[in-house]
Amino acid sequence: MYPFVETIRVEEGVPHNISYHQRRMANTMQHFFPHVPVPSLASALASRKWSADITWKVHVEYDASGITLVKADEYHIRHITRLRLVLCNDIDYAYKSVDRRCLEALAAQRGEADEVVIVKNGLLTDTSYSNIALFDGSQWVTPRQPLLRGTMRQSLLDAGALVEMDIKAEDWDHYRQVSLINAMMPLGRLICNLR
């Protein structure tokens with residue numbers, strides 16, 4: 001079994017959404033390793049000094065033995081303006097793992113676009129590395145059935161900034177903008193205009 005992973009944004013020296021990452025890690029461990037104590041992400045990060053003028057992407061791997069790797073790199077947002085819909089009805093990425101082969105194979109189908117949006121059973125899900133939010137002119141909506149229930153996505157739902165909906169692939173052109181969201185990218189930080 002591949003290790004599982006949490007990716008945590010540290011900005012201005014502060015780790016963001018730690019409680020959401022901790023909850024997802026606890027849910028994953030409960031599913032796969034129900035008798036193993038859940039380690040503390042806050043403790044794993046507390047011993048490090050974070051330069052406040054850098055946005056850090058902190059990669060934490062864990063398995064049945066606990067946290068096995070913590071590494072941090074300076075984060076720079078990708079330049080993405082064009083998205084392409086790709087179909088895959090059998091993809092399953094409900095648990096965030098270092099095994100991303102299925103996602104990488106779909107990303108390779110992007111052609112001249114910068115990134116893909118994966119369609120499963122006729123519904124929009126995620127890109128190969130983020131959840132999505134679509135703007136219809138009045139509100140931001142996010143697919144009700146993403147491939148991965150991201151921590152940023154959940155925090156935005158809890159804050160009332162997003163609404164969940166089943167979004168059919170055929171309705172893609174009805175939206176004005178799409179914001180890619182993940183632990184490193186809050187809503188609105190990376191937006192692609194659709195029309």
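The values are calculated or read from the model by the stated rules, or taken from the named source; none is laboratory data. Because the structure is predicted, anything quoted here is derived from the model rather than measured. So basically every Cβ, Gly included, is an ideal-geometry build from the backbone, and we count neighbours across all protein chains shown.
Output the qualifying pairs, or none if there are none: Cβ atoms under 9 angstrom, residues six or more apart or on different chains, first residue in region 1-15 and surrounded by fewer than 12 Cβ atoms within 10 Å (Cβ to Cβ), second residue in a loop (DSSP other than H, G, I, E, B).
Matching pairs, first to second residue: 1/64; 1/99; 12/50; 12/52; 12/53; 12/55; 14/50; 14/52.
Select, from 40, 51, the only residue that is more than 19 Å from the chain's Cα centre (by Cα), within 20 Å of residue 12 (Cβ to Cβ) and among the polar types (S, T, N, Q).
Working: 40 fails: within 20 Å of residue 12 (Cβ to Cβ).
Of the residues listed, the single one that is more than 19 Å from the chain's Cα centre (by Cα), within 20 Å of residue 12 (Cβ to Cβ) and among the polar types (S, T, N, Q) is 51.
Could you tell me whether any residue of region 173-185 is over 18 Å from residue 92 (Cα atoms) and part of a helix (DSSP H, G or I)?
Scanning region 173-185, I find at least one residue that is over 18 Å from residue 92 (Cα atoms) and part of a helix (DSSP H, G or I), so the answer is yes.
Suppose we filter 85, 69 for residues that are closer than 20 Å to residue 180 by Cα and of a type outside the set (Val, Ile, Thr); which single one remains? Don't jump to the end; show me each part of the working.
Numbers: 69 fails: closer than 20 Å to residue 180 by Cα.
Of the residues listed, the single one that is closer than 20 Å to residue 180 by Cα and of a type outside the set (Val, Ile, Thr) is 85.
Determine which single condition residue 194 fails, assuming it passes every other condition in (1) hydrophobic (A, V, I, L, M, F, W, C); (2) modelled with pLDDT under 95; (3) within 18 Å of the chain's Cα centre (by Cα).
If we test residue 194 against (1) hydrophobic (A, V, I, L, M, F, W, C); (2) modelled with pLDDT under 95; (3) within 18 Å of the chain's Cα centre (by Cα), just (3) comes out false.
Write out, first by first residue and then by second, each pair whose Cβ atoms fall under 6 Å of each other, whose residues are 6+ apart or on separate chains, and whose first residue, in region 40-66, is farther than 19 Å from residue 20 by Cβ and in the same structural domain as residue 25 (by TED's automatic domain parsing) while the second is surrounded by fewer than 17 Cβ atoms within 10 Å (Cβ to Cβ) and of a type in the set (Gly, Ala, Ser).
These pairs meet every condition: 52/13.
Taking the condition in contact (Cβ under 8 Å) with a residue 40 or more places away in the chain, closer than 25 Å to residue 3 by Cβ and polar (S, T, N, Q), does residue 179 pass?
Numbers: in contact (Cβ under 8 Å) with a residue 40 or more places away in the chain: yes; closer than 25 Å to residue 3 by Cβ: no; polar (S, T, N, Q): yes.
Taking the combined requirement at face value, the residue does not satisfy it.
What is the residue count in region 52-67 for residues that are assigned to a strand (DSSP E or B) and aliphatic (A, V, I, L, M)? Even if it seems obvious, please write down each step before you answer.
First, the residues of region 52-67 that are assigned to a strand (DSSP E or B): 56-63, 66-67.
Next, only the ones that are aliphatic (A, V, I, L, M) stay: 58, 60, 67.
Adding up the residues that qualify gives 3.
Might you check whether a residue that is β-branched (Val, Ile, Thr) and within 27 Å of residue 44 (Cα to Cα) occurs anywhere in region 95-104?
Just the residues of region 95-104 that are β-branched (Val, Ile, Thr), to begin with: 98.
Of the ones still in play, those that are also within 27 Å of residue 44 (Cα to Cα) are 98.
Yes, region 95-104 contains at least one residue that is β-branched (Val, Ile, Thr) and within 27 Å of residue 44 (Cα to Cα).
So, residue 72, is that one outside any helix (DSSP H, G or I) and surrounded by 15 or more Cβ atoms within 10 Å (Cβ to Cβ) or not? Working first, answer last.
Working: outside any helix (DSSP H, G or I): yes; surrounded by 15 or more Cβ atoms within 10 Å (Cβ to Cβ): yes.
Taking the combined requirement at face value, the residue satisfies it.
Go through the residues of region 22-32 one by one and say whether even a single one is part of a loop (DSSP other than H, G, I, E, B) and over 18 Å from residue 181 (Cβ atoms).
Quick first cut of region 22-32, residues part of a loop (DSSP other than H, G, I, E, B) only: none.
No.
For region 1-21, which positions are closer than 14 Å to residue 70 by Cα and part of a loop (DSSP other than H, G, I, E, B)?
Residue satisfying the conditions is 3 alone.
Which of the residues that make up region 33-51 are in a loop (DSSP other than H, G, I, E, B), surrounded by 12 or more Cβ atoms within 10 Å (Cβ to Cβ) and touching a helix residue (DSSP H, G or I) at 6+ places or on another chain (Cβ under 9 Å)?
Within region 33-51, 36, 38, 39, 40 qualify.
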